[in-house]
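The block underneath contains the structure these notes are about, expressed in structure tokens.
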Amino acid sequence: DIYLERVRHVRQAFPEKAGRESGWRTDRGRIYLLRGEPDQKIVQVFPPTNSPPYEIWAYDIGPRYVYLFIDETRFDYYRLVFSTDP
């Protein structure tokens, strides 16, 4: 089942860390469960400027959906800050 595969991936890719929610409750986890693996992914762990790390996920599923996640804390806690998904 595709959904169960996504759940397994989310548990591994976005594990629960001390004092944080489970991976499926994170912004990246919720989008992954909904859309699956992105068609394109840009990961900037060490951006060239002093800006925080970020990830951009893009899905080409009819309309193009783009999601921008930023780790403002720099402790691997990415938050969805922009999306073209209505």
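The values are calculated or read from the model by the stated rules, or taken from the named source; none is laboratory data. All values reported here derive from a predicted model rather than from experimental measurement. With ideal geometry, Cβ positions are generated from the backbone for all residues, glycine too; neighbour counts draw on all protein chains shown.
Assorted remarks:
- Each residue in segment 7-24 was checked for being under 19 Å from Leu68 (Cβ atoms) and surrounded by fewer than 16 Cβ atoms within 10 Å (Cβ to Cβ), and 1 pass.
- Complete set of residues in segment 31-41 that are free of Cβ contacts under 8 Å to residues at least 40 places away in the same chain and closer than 16 Å to Thr84 by Cα: Tyr32, Leu34, Arg35, Pro38, Asp39, Gln40, Lys41
- Taken as a whole, the condition of being hydroxyl-bearing (Ser, Thr, Tyr), modelled with pLDDT of 95 or more, in contact with a His (Cβ under 8 Å, 6 or more places away or on another chain) and surrounded by 13 or more Cβ atoms within 10 Å (Cβ to Cβ) does not apply to Tyr59.
- Just one of the listed residues (Leu33, Leu68, Leu80) is at pLDDT 95 or above, among the aliphatic types (A, V, I, L, M), closer than 15 Å to Arg6 by Cβ and touching a Phe, Trp or Tyr at 6+ places or on another chain (Cβ under 9 Å), namely Leu33.
- Residue list for segment 29-43, restricted to those being closer than 20 Å to Asp76 by Cβ and loosely packed, with under 15 Cβ neighbours inside 10 Å: Glu37, Lys41, Ile42, Val43
- Taking the listed residues Arg8, Arg28, Arg20, the one that is in a helix (DSSP H, G or I) and in contact (Cβ under 8 Å) with a residue 12 or more places away in the chain is Arg28, with no other qualifying.
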